[in-house]
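Worksheet: one structure, shown below.
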Amino acid sequence: MKDLKQILQNECYGKDLEQRKHWYSPAATAYQQVRPRYPQAIVDRVVEITQLSADSSLLEVGCGPAIATLAFAKLGCQMLCVEPNPDFYHLAQQTCESYPNVELQNCSFEEWQLEPQCYDAVLAASSFHWVSLDVGYPKAATALRPGGHLILLWNKELQPSYEVYQQLLAVHQTHAPSLNRPYEDSATQAAILDQLGEMAIESGYFKEMQSGHLEVEVTYTVDQYLMLLSTYSPYVKLEAQQRQTLFAALREVLEQNGKTIQLSYVSAFHIARPT
């Protein structure tokens, strides 16, 4: 766990707040278009466990371009969604414009004016690891009503088959050796996500963790896959010319295998109650 926390310190919440606010701006539209949605089976299980309904009040932390938001807005519950990135905020406004029960605020969770014991659930979809540890868990716990739930949703990075991974690894070693990362099979992805969920319990502010995960398989075009890579932090931080050269080489290898690529990832949820 110490290693995972150190990784998050270096890559996510350890960044300056202003840097975090604008981190995804260059890839905001791509993020909305190609990042995977959360499987309905995961959403249904979360709603079943938490008993969310049209009468519920939900706070979403870091809603991004509203990828997970609509699945809960459709319940009819009142939602307040805070999103620090201005580009994501405007995309979320467009996405949610037909849901008057959804209110959006363009601010970070750290900056958000705390409303104690006002929410039945606090939702964070692949975002809570961007919030400072000393703020996120205590603030979320305080915002919850008695009997409320912290809901953490996760989609792990989409992975090609191991054979294709090896082909792409050779390209990375040539053009961006800093991005070389071990292949993560579904068991490894699930274990990493479970570690992220357990951080809520280790914080001391939450208890009674319930969790589940689902392996998902999808097909992307080569264009969609390269666009997807552009939304992942290691690629976001590359210099533009290096990223362009890398992606051209990746495209050449990918198109040798056809116009599409088979990908898989683990989607998961963690639900806990405040202590």
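Show me the trypsin sites (Lys or Arg not before Pro) within region 235-266 that DSSP assigns to loop and that have at most 13 other Cβ atoms within 10 Å of their Cβ.
Lys237, Lys259
Below 8 Å, C-alpha to C-alpha, sequence gap of six or more: please give me the relative contact order for the chain in percent.
Contact order relative to length: 23 percent.
Tell me, what is the percent relative contact order of region 128-275, built from C-alpha pairs under 8 Å that lie six or more residues apart?
46 percent.
List every residue whose amide H lies under 5 Å from the amide H of Gly212, counting only residues 5 or more places away in sequence or on a different chain, with H placed 1.01 Å from N in the peptide plane.
Correct list: Phe269.
In terms of modelled amide H atoms, which long-range or inter-chain residues lie less than 5 Å from the amide H of Ser57?
Correct list: Asp120, Ala121.
Convert 25 °C to kelvin, take the viscosity as 0.890 mPa s, use the Kirkwood radius over C-alpha pairs of the chain as Rh, and evaluate the Stokes-Einstein diffusion coefficient in µm²/s, rounded to a whole number.
D, rounded to a whole number, is 127 µm²/s.
Among Glu48, Glu115, what is the fewest-to-most ranking by other Cβ atoms within 10 Å?
Ordered by Cβ neighbours within 10 Å, fewest first: Glu48, Glu115.
Kirkwood hydrodynamic radius, region 1-159, all distinct C-alpha pairs: what's the number in Å?
15.9
Work from the charge dipole of the chain (Cβ charges, +1 for Lys and Arg, -1 for Asp and Glu, about the Cα centre) and give the residue of Ser108, Pro146, Leu228 farthest towards its positive end.
Toward the positive end, the furthest listed residue is Leu228.
Nearest 20 debye, what's the magnitude of the dipole of region 94-155 about its Cα centre given +1 on Lys and Arg Cβ and -1 on Asp and Glu Cβ?
180
Post the alpha-carbon centroid distance, region 131-170 to region 176-208, in whole angstrom.
About 8 Å separates the Cα centre of region 131-170 from the one of region 176-208.
Which one of Ala191, Ala170, Gln244 has its Cα pushed farthest toward the positive end of the charge dipole of region 161-275, where Lys and Arg give +1 and Asp and Glu give -1 at the Cβ?
Going by the charge dipole, the pick is Gln244.
Give me the aspartates and glutamates in straight-line cross-link reach of Lys237: C-alpha distance below 13 Å, same-chain residues under 8 apart excluded.
Glu11
Arrange the following residues from fewest to most other Cβ atoms within 10 Å of their Cβ: Ile42, Ile192, Ile151, Ile49.
Least to most surrounded, the residues fall as Ile49, Ile192, Ile42, Ile151.
Given only helices, namely DSSP H runs of n ≥ 4 each adding -39500 (n - 2.57), what is the per-residue ellipticity at 222 nm of the chain, to the nearest 500 deg cm²/dmol?
Value at 222 nm, helices only: -13000 deg cm²/dmol.
Which of the aspartates and glutamates could a cross-linker span from Lys207 if the Cα-Cα distance has to be under 13 Å and same-chain partners fewer than 8 positions apart are dropped?
Glu198
Over the alpha-carbon set of region 166-251, divide Rg by the Kirkwood Rh and report the Rg/Rh ratio to two decimals.
Using Cα coordinates only, the ratio equals 1.08.
Cut-off 10 angstrom, C-alpha nodes, Gaussian network model of the chain. Which of Ala71, Ala190, Ala141 fluctuates the most?
Ala71
The numbers here are math on the coordinates, done by the rules we state, and not lab data. This structure is a prediction, so every number in the text was calculated from the model and none was measured. Positions of Cβ are backbone-derived with ideal geometry, glycine not excepted, and every protein chain shown enters the neighbour counts.
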